[in-house]
Amino acid sequence: MKINVNGKITGPDEACISVFDRGFLFGDSIYEVSLTYDGVLFKIEEHLDRLWQSASHLDMPIGISRKQLTYQMLKTLKELNEKRAYIRVIITRGEGKIGLDPALATKNNLVIITKKLEENPTWWYDSGVEMIIASVLRNPKESMDPAVKSGNYLNNVLAFNQAKKQGAFDAIMLNQDGLVTEGTTSNIWIVKGKKLITPPLATGLLEGITRKTILEISKNSKIDVSETDFTPEVLKDADECFLTSSTKEVVPITKIDGISVGSGKPGPMTARLHSLYKSHIQEYTNSQRGAQGKISEDKS
Ligand code: PDD
C-alpha cells in the first residue's frame, strides 16, 4: 500500500489524519474509487468530474486544482508500482473546532489510498451472485442526495450488513416509493426480452461511471436500452439482471431473495455487455497510456 496524505506519500502505518477532521466527525467528506488496468488509471477525467460535482453539492471548496490532484494520484500510483491497483481519493472539508458550521474548517485534507488490486473471483462472472432487497432505504434526493459520493455511507453499510447476515453477496436498495435504485456500491440493470433497463437518475442513485459507459456502449451497439423505473417484483421477474461498478465491472445477478432470476444462470446479454466493456477498457488504456505518463512527470 502507498498512502498520500496532503502530498506526503508513506506506507499505511505512518499515514494519519487529525481526530478533529470533519470527515471523521461528521462524514463531511467526498470520495472516488477507481482502478488501473496495466498501469493506466481508468476514467480519470470522469472521476474528477464527479468529485467536483459532489463537492459542489456539499458547498465544499476544493483547495487543489484538477491538474495537481491528477499529478498527486499518478505520483502515488507510480510509487505503488503495481499494474493493477485500487485507488481511493478522499477529500474532507478539513479540521477545526468541533461544531456543525462548515466555516470552522478552512483547509481540506486530501488522502489518496492506493493498493494492489487482486483479480476478482472468476465465480462472480461464471455463476453469478445472489442479492437481497434491503429493508434499509436509499436516501431521498432531498436529504443527502445519493448522487453525491460522500463519506456518509451508513445506509449502504447497514444494507450490506443485512445481505451478509443472510449469506448473500450484496444488497439492492429501494427508494421511498418502493422503486429499485441501486446496489450498495453498484448500479443495477435488468434485461426483459430484448430490452435493457436501468433506473433513471431521478429515482435517487449515484450516476456510476460504469453505468454511463454501459449506456453509451449499448446505444453504439444498437441495443434497445432505457432508463426506466421498476419495482422489486419486475426485477425478480427479469430474464437477466446484473450490477456494474468500476472495480467489479459487469457482474451477473442470478438470485434475488432466494429466487432464481431468469434461467438462474448468467445470461447472454450480460455476457455480451461485459465483453463490449472489456474492449472499451482496452481501447481506453491504449489511448491514455502516453498522456498519463507525461502528467506523472510534470509537477507544474
Ligand atoms: N462504488 N452506486 C454506489 C452507491 C456506489 O458507491 C458506486 C461506486 C456505484 C458505481 O459507480 P462506478 O461505476 O462509478 O464505480 C454505484 C465504488 C466502487 C466504491 O465505493 O467502492
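Quick check: anything in the range 138-145 small (G, A, S) and either farther than 27 Å from E32 by Cβ or open to solvent by less than 40 Å² (accessible area, probe 1.4 Å) (or both)?
Scanning the range 138-145 turns up no residue that is small (G, A, S) and either farther than 27 Å from E32 by Cβ or open to solvent by less than 40 Å² (accessible area, probe 1.4 Å) (or both).
Those residues that are farther than 19 Å from L179 by Cβ and in a strand (DSSP E or B), I need them from the range 212-229; list them, please. I'd like the intermediate steps shown before the answer.
Narrowing the range 212-229 to residues farther than 19 Å from L179 by Cβ: 212-214, 216-224.
Hit for the range 212-229 is D224, nothing else.
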Since V89 meets every condition but one in (1) of a type in the set (V, I, T); (2) away from the ligand (no atom under 16 Å from the Cβ); (3) within 23 Å of D298 (Cβ to Cβ), which condition does it not meet? (2)
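Residues to consider are P121, P199; find the one that is under 30 Å from Q282 (Cα atoms), modelled with pLDDT of 95 or more and open to solvent by less than 20 Å² (accessible area, probe 1.4 Å).
Values: P121 fails: open to solvent by less than 20 Å² (accessible area, probe 1.4 Å).
Going through P121, P199 in turn, just one is under 30 Å from Q282 (Cα atoms), modelled with pLDDT of 95 or more and open to solvent by less than 20 Å² (accessible area, probe 1.4 Å): P199.
Which one of L69, L35, L51 is farther than 18 Å from S186 by Cα and at pLDDT 95 or above?
Numbers: L35 fails: farther than 18 Å from S186 by Cα; L51 fails: farther than 18 Å from S186 by Cα.
Being farther than 18 Å from S186 by Cα and at pLDDT 95 or above holds for just one of L69, L35, L51, which is L69.
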Of the residues that sit in the range 168-196 and are within 9 Å of the ligand (Cβ to nearest atom) and of a type outside the set (A, V, I, L, M), which one is surrounded by the fewest Cβ atoms within 10 Å (Cβ to Cβ)? T185
What number goes with the only condition from (1) within 14 Å of the ligand (Cβ to nearest atom); (2) assigned to a helix (DSSP H, G or I); (3) in contact (Cβ under 8 Å) with a residue 40 or more places away in the chain that K78 does not pass? (1)
Identify all residues within the range 51-73 that are open to solvent by 20 Å² or more (accessible area, probe 1.4 Å) and within 13 Å of the ligand (Cβ to nearest atom); write none if there are none. Q53
Taking the options A147, A159, name whichever one is at pLDDT 95 or above, in a helix (DSSP H, G or I), within 11 Å of the ligand (Cβ to nearest atom) and closer than 28 Å to H57 by Cβ. A159
Residue count, the range 17-39, condition away from the ligand (no atom under 16 Å from the Cβ) and among the aromatic types (F, W, Y), comes to 3
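The values are calculated or read from the model by the stated rules, or taken from the named source; none is laboratory data. Predicted model, so just to flag it, every value in this text is computed and none were measured. Because the Cβ atoms are built from the backbone with ideal geometry, glycine has one as well, and the counts that use them run over all protein chains shown. Calculation scope for accessible area: heavy atoms of the full protein, side chains included, ligands and nucleic acids excluded. Shrake-Rupley method; radii C 1.70, N 1.55, O 1.52, S 1.80 Å.
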